[in-house]
1. A154: of a type in the set (A, V, I, L, M, F, W, C), buried (at least 20 other Cβ atoms within 10 Å of the Cβ) and at pLDDT below 95, yes or no?
2. How many residues does the range 175-195 contain that are within 11 Å of V148 (Cα to Cα), among the aliphatic types (A, V, I, L, M) and out of contact with any Leu (no Cβ under 8 Å at 6 or more places or on another chain)?
3. In contact with a Leu (Cβ under 9 Å, 6 or more places away or on another chain) and of a type outside the set (V, I, T): is that true of S86 in this structure?
4. Take the conditions at pLDDT below 95 and either assigned by TED's automatic domain parsing to the domain that holds Y109 or touching a Ser or Thr at 6+ places or on another chain (Cβ under 8 Å) (or both) and apply them to K55. Does it pass?
5. Buried (at least 18 other Cβ atoms within 10 Å of the Cβ), free of Cβ contacts under 8 Å to residues at least 60 places away in the same chain and part of a strand (DSSP E or B), is that true of L181?
6. Where the second residue is at pLDDT 80 or above and assigned to a loop (DSSP other than H, G, I, E, B) and the first is closer than 13 Å to F183 by Cβ and lies in the range 137-149, which pairs have Cβ atoms under 7 Å and are six or more apart or on separate chains?
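The values are calculated or read from the model by the stated rules, or taken from the named source; none is laboratory data. Nothing here was measured: the structure is a model prediction, and the numbers come from that model. Virtual Cβ from ideal backbone geometry, glycine too; neighbours counted across all protein chains shown.
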Amino acid sequence: MVFKKYSHNPPMTMLTITHEHQIETEEKKSRFIAFLVPIDTFENRLKELRVEHRKASHHVTAFRHVMEDGRIDEGAKDDGEPAGTSGMPILKVMQGAKIVDCGIIVVRYFGGTKLGTGGLARAYSKAAKHTIDGAKKTTWHKWIERTVVCGFEAMSAIEKQISNLDLNVTQRVFISEGVELTFEGPEKTVKTVLV
């Protein structure tokens, strides 16, 4: 089942990850393998996990992504579990942890004992919480790109400033006036570069 995507303004301090994190939990012999993945690899990772764990009973998902305008696009899928017992509990854990630009995929191998709707919600929530708790998180920042034009004599100083701020130069275009430098990074930091 697909749940409606919700959009709202993000909270002030949000967290994200840069590397996938995985944990495994068990409830009444059912295995729950949870993967917390960056949003840009979420869809491909889900495809890979469906192949890698093709004998699994379910591949339940939830995601949260900050859009260009600052609103959060989020959604969840139960993948055959009873409606509202799996995807939405995972999403609620992500909301509570203020995790964005990530997705969680929980692979379930049925152990032979039915957990009931409450048991399913608790098991999926627990798997999501443990994978978030165990992951290395970082403060989320809006990422932007900026292009500046400078003379050849100022290029070295500006590039040093960009490097010292841990920003990434993505393009250098040499023009008659000097150079067009394009760089990217967290919005607040990018705006501090003086030209």
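1. On the way: of a type in the set (A, V, I, L, M, F, W, C): yes; buried (at least 20 other Cβ atoms within 10 Å of the Cβ): no; at pLDDT below 95: yes.
Here the answer is no, as A154 does not meet what is asked.
2. Final tally of qualifying residues: 4.
3. Taking the combined requirement at face value, the residue satisfies it.
4. Criteria met by K55.
5. Details: buried (at least 18 other Cβ atoms within 10 Å of the Cβ): yes; free of Cβ contacts under 8 Å to residues at least 60 places away in the same chain: yes; part of a strand (DSSP E or B): yes.
So L181 passes the test.
6. V149/E177
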